[in-house]
Structure formats: structure tokens, C-alpha cells
1. I want the local charge near Ala84. Using Cβ-Cβ distances under 14 Å, sum +1 for each Lys or Arg and -1 for each Asp or Glu among the other residues.
2. Indicate, rounded to the nearest 5 percent, the antiparallel portion of the DSSP beta bridges found entirely in the stretch 22-229.
3. Please sort 232-244, 200-212 by packing, taking for each peptide the average over its residues of neighbouring beta carbons within 10 angstrom, highest first.
4. Divide by every residue of the chain the summed helix terms, -39500 (n - 2.57) for each DSSP H run of at least 4, and state the resulting mean residue ellipticity at 222 nm, rounded to the nearest 500 deg cm²/dmol.
5. With 10 angstrom as the radius, rank Thr166, Thr352 by how many other C-beta atoms surround their C-beta, starting from the fewest.
6. For the stretch 195-295, what's the relative contact order in percent, using C-alpha pairs closer than 8 Å and at least 6 residues apart?
7. Report, in whole Å, the centroid distance computed from the Cα atoms of the stretch 167-224 and the stretch 334-389.
8. To one decimal place, what orientation-averaged projected area in nm² is obtained for the convex hull of the Cα set of the stretch 22-229?
Amino acid sequence: MDKLIIEGGRRLEGTVAISGAKNAVLPVLAATLLTSGRNKISGVPRVRDVFTMIRLLGELGARLESFEGDTLVIDTSGVNNPEAPYELVSTMRASCLVLGPLLARLGQARVSLPGGCAIGARPMDLHIKGLQAMGAEIELVQGYIHGTAEKGLKGDHIYFDTVTVTGTANLMMAAALADGETILENAAREPEIIFLADVLGRAGAKIEGQGSDVIIIQGATALKPIECRIFPDRIEAGTFMIAAAITGGDVEITNCIPHHLESLIHKLREAGIQVEPGDNSLRVKGQDRFRSIDIKTQPHPGFPTDLQAQTMALMTLAEGQSIIVENVFENRFMHAAELMRMGAEIFLDGHTAIVKGVARLSGAPLMATDLRASASLVLAALAAKGESVISRVYHIDRGYEGIEKKLVQMGASIRRVK
């Protein structure tokens with residue numbers, strides 16, 4: 001397995017361009033199963049999760065025609081296999097997004113219970129309840145979700161007990177080919193959900209309300225092949241914003257959407273860090289010392305759980321004490337133990353982390369436990385004194401395109417070794 005070796009203490013300066021959003025492209029790739037023909041998607045990041053989803057679509061009968069630069073062409077005319085195997089689904093949570101499209105298109109699905117990062121249970125019950133309300137018969141057999149909808153799916157009024165991004169996406173895709181009207185209440189409002197709704201709308205579904213907590217879908221008899229460009233990754237942009245802040249750097253982040261990052265911008269400014277938004281860019285100027293802040297993760301438009309670990313890394317060097325409350329996933333503080341190996345002072349109490357800022361961190365051997373935890377360790381290592389070696393960096397490859405190359409361009413000392 002690859003490792004990252006980082007010599008800390010270098011100030012980041014320069015410009016970094018953001019890649020397409022991983023969390024936007026994965027649902028769109030799943031949505032191609034609703035079509036029959038050549039789908040063309042641009043702005044696709046070359047990250048491990050994208051290649052996993054492409055392999056999964058191939059198992060289902062789709063054919064990858066080309067993937068040149070950031071543009072992918074996939075033909076879904078031959079989709080005929082309803083089974084998403086454990087070997088692929090176990091490595092990536094987003095694989096569960098094929099469940100709704102397979103039921104809608106083929107009338108049956110056999111999808112392994114999903115895996116991915118070990119950050120919480122993230123059960124499938126809300127997906128299953130929604131599909132059952134739409135007429136699917138579903139049972140769990142030996143770790144697989146078996147679903148059938150021999151007479152097709154029917155629109156219904158579905159209320160989510162808790163906000164779920166993948167659940168909203170799954171049922172919205174299923175509803176796009178269902179008979180009649182589907183109402184999703186307490187739906188997710190993330191930019192990725194809005195984008196998926198717009199993509200399905202251009203393909204022929206009638207969808208309104210995206211961006212609010214009530215989405216209404218009028219099902220279509222068929223959808224046209226998808227052609228779209230994925231928007232920039234807000235979590236990658238946020239990670240580089242924090243990289244500039246934690247190293248006291250001066251970084252311009254291009255190809256980003258500032259209003260997708262309003263909660264982080266507000267918190268960084270609260271800490272005393274300069275953030276200057278442009279039309280499609282952000283400039284972040286770090287300070288030698290910055291203030292502690294408190295955060296509570298929430299569904300969008302609240303503070304993103306996917307930036308919690310990176311913010312904790314930043315707070316290890318802040319003046320004062322920070323309180324970080326994780327409200328989305330119950331097991332998302334695994335990076336804290338690794339940060340403490342670097343000299344951070346962190347006390348954990350259930351869903352709350354109390355972080356007392358220290359004068360400096362020291363390089364150490366580190367182990368990545370999940371995608372965003374690995375990013376937090378990279379950030380801490382960039383600011384630490386001495387060398388850090390981060391193992392299991394395949395986690396970071398799931399969601400960041402060439403992160404070490406982008407950091408080197410801004411002056412970081414970081415290299416990948418086998």
C-alpha cells in the first residue's frame with residue numbers, strides 16, 4: 001500500500017484548481033442506469049470511487065466507451081443484470097445508489113449491503129421503506145437487498161425520519177421512472193441533490209422543489225441519455241482552504257463555487273483567517289496565530305460533516321479551546337487519536353470533541369482510517385515540525401484527485417512511496 005511522507009513547516013503559496021465533485025458524479029453515474037444510450041459526463045474527477053462505480057456499472061451491463069481527460073462516455077443500452085456484487089459495493093457506500101435505478105428500469109435488484117468508510121452505521125432502512133411505499137417488495141437475504149417491482153414503481157408521499165442524502169438521491173432516481181407523482185418530504189438539500197434533480201429534469205423527468213425539504217417528482221415513461229458537466233468539489237475546496245489556513249499560507253483556490261462553502265467561510269473568518277471570495281474563486285490568507293471556534297455538523301446548509309476532521313486539525317493549533325459536535329455520523333472522531341500522537345490535546349465525550357490548541361504539532365507515523373480523516377492527517381502533517389508518514393492513503397485516493405501533486409505545486413514537501 002502507498003504511503004505519504006510529509007516534511008512539515010512549509011507555508012503554502014500559489015494557486016490550486018478544484019476537480020469535479022465526487023459526491024455529485026457518483027449519483028449521476030448511477031442515474032445513467034435509468035437511460036438507454038450514450039451518456040456523456042464531463043468534469044469527472046479521476047478518483048478511486050469513480051473507477052469503482054464504473055466497474056459496478058460494467059457488471060450491470062453498461063459499457064464504458066471512453067474516459068479521456070475529465071470526460072466519460074458510457075453506453076447503458078445493454079444494462080440487464082440486476083445484481084450489484086459484494087466485492088464492489090463493500091468498498092464504497094455510494095454503490096447503494098444503483099438500487100433505485102435498477103428497480104425502476106429492470107423491475108428487480110439484488111444489491112449487497114454497502115460498505116465504505118467506517119464512520120457510522122448509515123443504515124439502508126430509509127431507502128427500503130421508501131421503495132416499499134412505491135410498491136417494491138424487498139427482503140434481506142444473506143447480506144443482499146433483494147427487491148422486485150414486477151408491475152413497476154408507483155409514486156407515493158414519502159417522509160424521511162431523518163435527512164439522508166443517499167436516500168433522497170436513490171428515491172428521486174426511482175421516482176423519475178415511476179408511475180405518477182412522488183413527494184419526498186424532509187429531503188436533503190445538498191448542492192449534489194439539486195444538481196442530480198436538474199440532470200434528471202434535463203433527461204425528461206419533471207422535478208420541482210430541489211433545494212428545499214420537499215421535492216416533487218412526476219415520473220416519465222423513459223429518460224433521454226444524460227449529458228452534463230459536474231460542478232467543482234466543495235469538500236476538496238474546503239480542504240485546501242484549511243490547508244492554507246493551517247500553514248499560514250496565501251492560496252488562491254480556482255474553479256470553485258464560493259456560496260457552496262458559506263458555513264466554512266464564516267467559521268474561518270470567525271477564527272481570524274482572511275477569506276476573499278471571487279466569482280469562481282477564493283483567496284485564503286492564513287495567520288501566524290488564529291482563534292478557536294466551535295462547530296456543530298448539520299445537514300446542508302449547516303456545517304458539513306465532511307469538513308469536520310479537517311477543521312479539527314486546524315483547531316489543534318488555535319488559541320484557546322474548541323468544541324466540535326458531530327451530529328451526522330456516530331463514529332467520525334477516529335482521526336482524533338492520530339492527531340493526539342502528533343501532540344494535539346483532544347478530549348472525546350460521545351459525539352463531542354474538546355480541542356485545546358497547542359503551540360505546535362510534531363511529525364509522527366500516522367494511520368488513515370477513512371477518506372476525510374486521511375485529509376485531516378495530511379493537513380496536520382503540513383503544519384507539524386518534522387516528518388510524518390501516513391499509511392493507508394488509499395482512503396484519500398477515494399475522493400481527492402492527485403492531492404499530493406496539487407500540494408507540491410504550492411510549496412509543500414510531500415511525496416508518495418510504495
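Derivation of every value follows stated rules applied to the coordinates shown; laboratory data play no part. Just so it is clear, the model here is predicted, and its values are computed rather than measured. As a convention, Cβ positions derive from the backbone with ideal geometry for all residues, glycine included, and neighbour counts pool all protein chains shown.
1. With Lys, Arg at +1 and Asp, Glu at -1, the neighbours total +1.
2. Around 70 percent of the beta bridges assigned by DSSP in the stretch 22-229 are antiparallel ones.
3. Top of the packing list down: 232-244, 200-212.
4. Rounded to the nearest 500, it is -9000 deg cm²/dmol.
5. By the 10 Å Cβ count, ascending: Thr352, Thr166.
6. 21
7. If you average the Cα positions of each part, the centres end up 39 Å apart.
8. The orientation-averaged projected area of the Cα hull of the stretch 22-229 comes to 9.7 nm².
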